[in-house]
Amino acid sequence: MSSTLIQVEAEGRDVLGKQVGARRRAGLIPANIVSKGKPSRPIEIPLPRLVKVLSQVGYTQALELVVGKDKITALVTEVTFAPAQDTPQHVVFSEVKQGERASVSVPLVLSGEAPGEKRGLIILQTTHQLEVTAPALRVPEQLDVDISGLEEAGDAVRIGDLQLPDEVETGADEQTPIVKLERSRSQISQESAEETDETEGEGEAGAEEAESSDESAAAEGEEA
């Protein structure tokens with residue numbers, strides 16, 4: 001988390017509706033600033049500038065929008081992209097103030113090495129984001145998930161195992177798995193083949209015992 005907010009200059013926007021498309025084609029991306037108790041404020045930002053700042057702050061870091069003489073601290077809360085493209089088409093910023101808390105989805109990033117992976121087990125991450133509430137100006141960029149304790153198939157790290165920073169909370173189910181170790185397909189196939197061989201071996205042994213019993217019974221009958 002950076003103590004210095006990234007600044008991005010924006011222009012007020014009075015163009016609405018279908019005319020926005022022409023501005024977008026000219027490289028000016030429409031956006032809105034949402035503030036509590038105030039009307040949404042339309043702005044526009046040049047595409048290269050917007051792409052750069054989005055890569056820097058993502059959805060977790062506050063930035064400072066400079067619109068004329070106004071400076072507004074905000075979080076990115078929504079980005080609309082063109083279909084099948086990475087080009088932003090519209091952005092929503094939510095104004096935040098010192099002391100406020102915000103609900104944000106924070107990336108979960110694996111850290112460390114799982115001993116079980118060295119034995120051919122597969123690491124499967126099933127949860128990649130965690131919804132947290134945190135001070136709006138101090139949202140963690142990511143949450144590290146330590147996998148160094150994963151040794152056997154079935155071992156898992158769950159949400160309740162995370163060490164959250166001070167003042168960061170989540171309402172997610174603590175039993176929800178984030179990452180777990182599983183057997184690879186080749187291991188499962190090998191184990192299945194071994195079980196089949198054992199079953200066939202037991203069947204052959206049983207058949208041999210049955211034949212031996214039949215032969216003994218026949219011999220006893222002849223003697224009688």
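Quick notes
- Amide N proximity, the range 53-90 versus residue 15 label position 7 Å along Cα-to-Cβ, cut-off under 15 Å: 89-90
- Contour excess over end-to-end distance, with Cα ends at residue 23 and residue 163 and 0.36 nm allotted per residue: 45.8 nm
- Inter-part distance, the range 161-183 to the range 1-72, computed on C-alpha centroids, equals 33 Å.
- When each of 36/69; 97/180; 18/97; 38/71 is checked by Cα-Cα distance, pairs over 27 Å: 97/180; 18/97
- Over the range 1-139, relative contact order from alpha-carbon pairs under 8 Å, at least 6 apart, %: 23 percent
- Extended-chain gain in nm, criterion 0.36 nm per residue less alpha-carbon gap, residue 103 and residue 146: 13.1 nm
- Overall form of the range 103-183 per C-alpha gyration tensor (a/c, 1.5; a/b vs b/c): prolate
- Positive minus negative residues near residue 11 (Lys, Arg vs Asp, Glu; Cβ under 12 Å): 0
- DSSP bridge orientation in the range 1-149 - percent antiparallel, rounded to nearest 5: 70 percent
- When the Cα gyration tensor is reduced to axis lengths a ≥ b ≥ c, the ratio a/c is 1.5 or higher for the range 6-97, and with a/b not above b/c it is classed as oblate.
Coordinate-derived values only; no laboratory data. This structure is a prediction, so every number in the text was calculated from the model and none was measured. Glycine gets a Cβ as well: all are built from the backbone with ideal geometry, and neighbour counts include every protein chain shown.
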